[in-house]
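To start, the structure itself, in structure tokens.
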Amino acid sequence: MNELALNLNEMIKKNNPHVFNLLSNLGKELYYPKGILSQSAEAAKKATRFNATIGIATEKEVPMHFEHIQETLSEYSPDDVYPYAPPSGKLTLRNEWKRKLLRDNPSLHESWMGLPITTNALTHGLSLAADLFVDENDTIILPDKYWGNYQTIFHVRRGGNLKTFRLFDDSDAFNVPLFRKCLLQQKDEGKAIVLLNFPNNPTGYTPKESEVQGIISVLMEAAEAGINLAVILDDAYFGLFFEDSVKESLFGRLAGIHPRILPIKVDGATKENYVWGLRVGFLTFGVDSPIILDALEQKTNGLIRGTISSSSHLSQTVILRSLQSSKFEEEKCKKHNIMKRRATRVKEIITREKYKEAWGYYPFNSGYFMCLKLNRVDAEELRVHLLNEYGVGTIAINSSDLRIAFSCVEEEDLEELFELIYCGINDLVSKGVSIDVQKTL
């Protein structure tokens, strides 16, 4: 093992052996090399005459560029567009995002969190967390309603086993008892990765305060039972809270709460700020040790350096300017209200008496989505039929659940959307392809 990796491991082990034991074998091997980038960073401070280090071209002390490209980016300095960004991201952006996290999460203490590390959006951030903490046959505990890409990130790539519990109990609340049962079964293993996604994709649910207290109580009980926990919080849709949910991330409640609990926040501008294609996300560790935070950042930087090298500098510059804009809060509030009105309208439509025989629905109070529980037809059969006969696109989650992204349907079109779904169900029933969905669950 490289000496730099050994030193980082020793730093972590000395300050909190539980965090060290959470690391995957790859995570233990990782380090940030003292190579071209570190030498270039040193040269940037001291090379006052000539700096012949990093592999970019310059012209008249400005990054070399095509004028026909710069013409379209005239509001940005070439220095904020063309050079490589550091693997951990543009420092001013990282600091700005940290300030945002502290504003948005009243429970979060600055001393219990690291500086957010820039990622190439959230999938990259989740993959970094998987590489750092998931070994083959490690258990990832998550609700049964989850984003399908988790399979690729945690199981296919890292060999972890996804162990699910039913998200909602019989009262349509977060299923704290089953979460507890699932988690405490890991006592003999001594390690578990918990993956929570709120607002949830596909259901659009965020827990209420009492449910959050239950989740935290279970995590504390597991930690006291000797289970080391990496708690990954996929906050892709953070801030899109419409009703009676908590209005902050569990990250703030968990950072520094117990030496065996390491919360890892994965979030970004992509969904929150409606800039999906700019691919700017963040990975933030929560632990009350600056030494461990520094060691984890160095390991993460080594991993980024060995995969994508760094994220887009231009995208980071655009997001930074947006966050610093005097119009940011006003425009974000405006878009939030549009999304809230759509969610409210969906709930009003789907609960009409005429639709009760056709579907129920999972609780939703936030995010981009809601999920119908189909009573009479198979979700995949319906999805295909709606697409072929009505030109309506939906997502079949399993045999009974149909995900609807109201985020991309205008408020005035929502009634027609659900009426077409209803028509599609009646078509299938009339053709004799209705099923007792409950028997298939």
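By how many nm would the segment from Arg103 to Arg157 lengthen if fully extended, with 0.36 nm per residue of separation less the alpha-carbon distance?
15.9 nm
So, counting K/R as plus one and D/E as minus one, what does the shell of residues with Cβ under 12 Å around Arg158 add up to?
-3
In debye, nearest 20: dipole of the stretch 270-374 around its Cα centre with unit charges on the Cβ of K, R (+) and D, E (-)?
In total the dipole reaches around 640 debye.
Based on the Cβ-Cβ distance from Asp172 to Ile395, what FRET efficiency comes out when R0 is 22 Å, to the nearest 0.05?
0.55
Can you tell which of Tyr362, Tyr76, Tyr84 shows the greatest fluctuation in a Gaussian network model of the chain with Cα springs below 10 Å?
Answer for the Gaussian network model of the chain: Tyr76.
Using a cut-off of 13 Å between beta-carbons, work out the net charge of the residues near Gly226 (Lys and Arg +1, Asp and Glu -1, Gly226 not included). List each step's numbers first, then the result.
Numbers: positive: Lys187, Lys191, Arg260; negative: Asp188, Glu189, Glu221, Glu224.
Around Gly226, the surrounding residues sum to -1.
With both partners inside the stretch 52-203, how many of the DSSP beta bridges are antiparallel, as a percent to the nearest 5?
Just about 30 percent of them are antiparallel.
If each Cα of the stretch 183-247 is one equal point scatterer, what is log10 of I(q)/I(0) from the Debye formula at q = 0.23, 0.25 Å⁻¹?
-0.97, -1.05
Assuming R0 = 45 Å, can you tell me the calculated FRET efficiency for the pair Asp244 and Tyr76, based on Cβ-Cβ distance, to the nearest 0.05? Could you put the intermediate results ahead of the total?
Numbers: r = 42 Å, r/R0 = 0.93.
E(calc), rounded to 0.05, equals 0.60.
Fully extended, how many nm does the chain gain between Lys14 and Lys356 (0.36 nm per residue separation, minus their Cα-Cα distance)?
Values: separation 342, 0.36 × 342 = 123.12 nm, distance 5.91 nm.
Answer, rounded to one decimal: 117.2 nm.
Could you tell me what percent of the DSSP beta bridges with both partners in the stretch 168-272 are antiparallel, to the nearest 5?
5 percent
What residue among Ser309, Ser88, Ser430 shows peak mean-square fluctuation when the chain is described by a Gaussian network model with Cα springs under 10 Å?
Checking each option, the largest mean-square fluctuation is seen for Ser430.
Here are labelled values, (i) 40, 29, 19; (ii) 40, 24, 20; (iii) 85, 25, 15, and one is the computed semi-axes √(5λ) of the Cα gyration tensor in Å for what I pasted. Which one?
Matching the structure shown: (i).
For the stretch 262-342, run through the trypsin sites (Lys or Arg not before Pro) and keep only the ones in DSSP coil with at most 16 other Cβ atoms within 10 Å of their Cβ.
Numbers: sites: Lys265, Lys271, Arg279, Lys299, Arg305, Arg321, Lys327, Lys332, Lys334, Lys335, Lys340, Arg341, Arg342; in loops: Arg279, Lys327.
Those satisfying the criteria are Lys327.
Is there a quick way to get the dipole size of the stretch 79-183? I mean about its Cα centre, with the Cβ of Lys and Arg at +1 and of Asp and Glu at -1; what is the value in debye to the nearest 20?
100 debye
Check cross-link reach from Lys208 to the aspartates and glutamates: straight Cα distance under 15 Å, and skip same-chain residues fewer than eight apart.
Excluding near neighbours in sequence, the set is Asp169, Asp172, Glu243, Asp244, Glu248.
At 222 nm, what value in deg cm²/dmol follows for the chain if DSSP H runs of at least 4 each add -39500 (n - 2.57) and the sum is divided by all its residues, to the nearest 500?
-12000 deg cm²/dmol
Quick one: helix 414-430 against the long Cα principal axis of the chain, what's the angle to the nearest 10°, folded into 0 to 90?
50 degrees
What whole-number value in Å² describes the accessible area per residue of the stretch 218-347 for a 1.4 Å probe?
Normalised by residue count, the accessible surface of the stretch 218-347 is 35 Å².
Give me the extension gain from Lys187 to Lys431: residue separation times 0.36 nm, minus the current Cα-Cα distance, reported in nm with one decimal.
Additional length available on full extension: 82.7 nm.
Compare Asn426, Asn161, Asn16 in a GNM of the chain, Cα atoms joined below 10 Å, and give the one with the largest fluctuation.
Its mean-square fluctuation being the largest, the pick is Asn426.
Sum up the charges of everything whose Cβ sits under 13 Å from the Cβ of Ser111, counting Lys and Arg as +1 and Asp and Glu as -1, but leave Ser111 out.
In short, -1.
Given a cut-off of under 8 Å on Cα pairs at least six residues apart, what relative contact order in percent is computed for the stretch 297-441?
22 percent
Taking the Cα centre of the stretch 141-185 as the origin and placing charges on Cβ (Lys, Arg +1; Asp, Glu -1), which of Ile153, Pro177, Leu142 is farthest toward the positive end of the dipole?
Sorting the options by dipole projection puts first Ile153.
Could you tell me how many degrees, from 0 to 90 and to the nearest 10, lie between the Cα long axis of helix 36-46 and the main elongation axis, the longest principal axis, of the Cα atoms of the chain?
60 degrees
Could you give the size of the charge dipole of the chain about its Cα centre, using +1 on the Cβ of each K and R and -1 on the Cβ of each D and E, expressed in debye and rounded to the nearest 20?
Dipole size: approximately 900 debye.
What are the lysines whose alpha-carbon lies under 17 Å from the alpha-carbon of Lys327, with same-chain residues fewer than 8 places away excluded?
Answer for Lys327, where 17 Å is the Cα cut-off: Lys100, Lys335, listed by chain and number.
The values are calculated or read from the model by the stated rules, or taken from the named source; none is laboratory data. Only a predicted model underlies this, so the values are computations on that prediction, with no experimental measurement involved. Note that we place each Cβ from the backbone using ideal geometry, even for glycine, and neighbour counts take in every protein chain shown. Accessible surface is based on the protein model in full, side chains and every heavy atom, while ligands, DNA and RNA are left aside. Shrake-Rupley method; radii C 1.70, N 1.55, O 1.52, S 1.80 Å.
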